[in-house]
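Peer 1: Please find one structure pasted underneath; my questions will follow.
The values are calculated or read from the model by the stated rules, or taken from the named source; none is laboratory data. As the structure is a prediction and not an experimental result, all values here were calculated from the model. When we count neighbours, we look across all protein chains shown, and the Cβ atoms used for this are built from the backbone with ideal geometry, even at glycine.
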Amino acid sequence: MAINVEPILPRFGAEISGVDITRPLDAATAREIVDLQNKWGVTVWRNTGLDDDTHVAFSRIFGHLELAPRRSDRPRFARPELFDASNIDADGNIVDNELVRLRKKGDRLWHTDSSFMEIRSAYSLLLCHEAPPEGGPTWFADTRTAYDDLPQATKDRLEGLVAEHSYWWSRRRAGYPYTEEDIDAKPSARHPLVHVHAGSGRKALFVGAHARDIVGLPREEGRALLRELFEWCTQPQYIFQVLYKPGDMVIWDNLCTMHRGGDYDDRAHRRDMRRTTVREGAAPQTPDDPFGDMFRAAEAADLAHVAAK
Ligand SMILES: [Fe+2]
């Protein structure tokens, strides 16, 4: 079966068709799909026919799947690998409260999923089960081509720099009441600002909303540099948006892209999106939920924040 590839931008993003991904794939086809993903950074799959089980099964061709943090006593689905990225609860009602508003603001910032973790997330596979009639896209930015196009003097300046990433920093930016001192006391992770994207051998910027400071630079100078890089990467020639219909799936590689959620009327319309996430590197020896303790602590702080309002 021939796989069709329609590029979205000249070097970034492609719509893929011509292969039934609801069925187990032979090794050669799976390899071809992973290679296409590594080349294009974002792939869009229309009308896949995937359900929860086949979504998870297909995702495994990319590597080890993270277990999603349990954010509710009543998750909407049984598979522990599925992150709930919807605006609805277990009864199908639209969730509309202060926490949801804050989360939404966080999702609107350009970010890379889980860059605040020591071991990073590589691929995210987001499947649409229900879409609003208008809006609700995801935007993507190409951090490899953006790096390629930087002036040489900037590339030289970035060489060897390391950024500190914090989950609580991006939440502060989204409006949560954390002080700099609060964030200092929380876990964070350090990653080089520029790295070689293993899947393609190309260099990529690794930035996003969780990036708080540059190690060894004065705080203001580091943040100014981070702002400059965000603005550079999100210029029109490096970005595009994907709008969803039920059954559509987008796969992005967090190690060579940034993404952000786009607007829709989330008080009037349901948007049911479910995500699997593939961890960088080899599978751990035992099943684990790397976010468990951290997300539970964050959730408790969120509830306290809402209660205090
Ligand atoms: Fe995300």
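Peer 1: If D53 meets every condition in (1) more than 27 Å from A268 (Cβ to Cβ); (2) within 16 Å of the ligand (Cβ to nearest atom); (3) among the acidic types (D, E) apart from one, which number is that one?
Peer 2: Among (1) more than 27 Å from A268 (Cβ to Cβ); (2) within 16 Å of the ligand (Cβ to nearest atom); (3) among the acidic types (D, E), D53 violates only (2).
Peer 1: Check off (1) in contact (Cβ under 8 Å) with a residue 24 or more places away in the chain; (2) in a loop (DSSP other than H, G, I, E, B) for V5 and give me the number that stays unchecked.
Peer 2: (2)
Per-residue answers, yes or no, for (1) touching a residue at least 60 places away in the same chain (Cβ under 8 Å); (2) on the phi > 0 side of the Ramachandran plot; (3) β-branched (V, I, T):
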| position | (1), (2), (3) |
| --- | --- |
| F12 | yes, no, no |
| V19 | no, no, yes |
| R31 | no, no, no |
| T43 | yes, no, yes |
| P75 | no, no, no |
| S86 | yes, no, no |
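Peer 1: Looking at G247, is it more than 15 Å from the ligand (Cβ to nearest atom), closer than 30 Å to V19 by Cα and modelled with pLDDT under 90? If you could, list the steps in order and put the result at the bottom.
Peer 2: Details: more than 15 Å from the ligand (Cβ to nearest atom): yes; closer than 30 Å to V19 by Cα: yes; modelled with pLDDT under 90: no.
No, not satisfied.
Peer 1: Can you pull out the residues in the range 49-65 that are under 20 Å from D272 (Cα atoms) and surrounded by fewer than 21 Cβ atoms within 10 Å (Cβ to Cβ)?
Peer 2: Just the residues of the range 49-65 that are under 20 Å from D272 (Cα atoms), to begin with: 49-59.
Passing the criteria: G49, D51, D52, D53, T54, V56, A57.
Peer 1: Only one of these conditions is not met by Y147: (1) in a helix (DSSP H, G or I); (2) surrounded by fewer than 23 Cβ atoms within 10 Å (Cβ to Cβ). Which number is it?
Peer 2: (2)
Peer 1: Examine the range 261-283 for a residue that is away from the ligand (no atom under 11 Å from the Cβ), modelled with pLDDT under 95, among the small types (G, A, S) and touching a His at 6+ places or on another chain (Cβ under 6 Å), and state whether such a residue exists.
Peer 2: Checked against the condition, which is being away from the ligand (no atom under 11 Å from the Cβ), modelled with pLDDT under 95, among the small types (G, A, S) and touching a His at 6+ places or on another chain (Cβ under 6 Å), the range 261-283 yields at least one hit.
Peer 1: Determine, yes or no, whether R190 is of a type in the set (D, E, K, R) and buried (at least 18 other Cβ atoms within 10 Å of the Cβ). Before the answer, list the steps.
Peer 2: On the way: of a type in the set (D, E, K, R): yes; buried (at least 18 other Cβ atoms within 10 Å of the Cβ): no.
Spelling it out, it is not the case that R190 is of a type in the set (D, E, K, R) and buried (at least 18 other Cβ atoms within 10 Å of the Cβ).
Peer 1: Here is a follow-up. Pairs under 9 Å by beta carbon, first residue on the phi > 0 side of the Ramachandran plot in the range 237-252, partner not in a loop (DSSP other than H, G, I, E, B), six or more apart or different chains?
Peer 2: Going by the 9 Å Cβ cut-off, the qualifying pairs are G247/W45; G247/L127; G247/C128; G247/H129.
Peer 1: If you don't mind, another one. For R202, indicate whether it is under 20 Å from E164 (Cβ atoms) and either more than 16 Å from the ligand (Cβ to nearest atom) or touching a strand residue (DSSP E or B) at 6+ places or on another chain (Cβ under 6 Å) (or both). Lay out the reasoning, then the answer.
Peer 2: Working: under 20 Å from E164 (Cβ atoms): no; either more than 16 Å from the ligand (Cβ to nearest atom) or touching a strand residue (DSSP E or B) at 6+ places or on another chain (Cβ under 6 Å) (or both): yes.
Spelling it out, it is not the case that R202 is under 20 Å from E164 (Cβ atoms) and either more than 16 Å from the ligand (Cβ to nearest atom) or touching a strand residue (DSSP E or B) at 6+ places or on another chain (Cβ under 6 Å) (or both).
Peer 1: Counting only residues that are of a type in the set (D, E) and part of a helix (DSSP H, G or I), which one in the range 81-121 is farthest from the ligand (Cβ to nearest atom)? Step through it out loud before you land on a result.
Peer 2: Here is the first cut: in the range 81-121, the ones of a type in the set (D, E) are 81, 84, 89, 91, 96, 98, 107, 113, 118.
From what's left, part of a helix (DSSP H, G or I): 98, 107.
Working: E98: 20, D107: 6 Å.
Result: E98.
Peer 1: Ok, one more. For the range 164-186, check the following and say yes or no: at least one residue is assigned to a strand (DSSP E or B), acidic (D, E) and surrounded by fewer than 20 Cβ atoms within 10 Å (Cβ to Cβ).
Peer 2: Start the filter on the range 164-186 by keeping residues that are assigned to a strand (DSSP E or B), which leaves 164-165.
Checking which are acidic (D, E) leaves us with 164.
Now drop any that are not surrounded by fewer than 20 Cβ atoms within 10 Å (Cβ to Cβ), which leaves 164.
Yes: one or more hits.
Peer 1: May I ask you to list pairs of residues, at least six apart or on different chains, whose Cβ atoms are under 7 Å apart, with the first in the range 103-114 being closer than 18 Å to V42 by Cβ and aromatic (F, W, Y) and the second being more than 9 Å from the ligand (Cβ to nearest atom) and in a helix (DSSP H, G or I)?
Peer 2: Taking only residues 6 or more apart or on different chains, the pairs are W110/F230.
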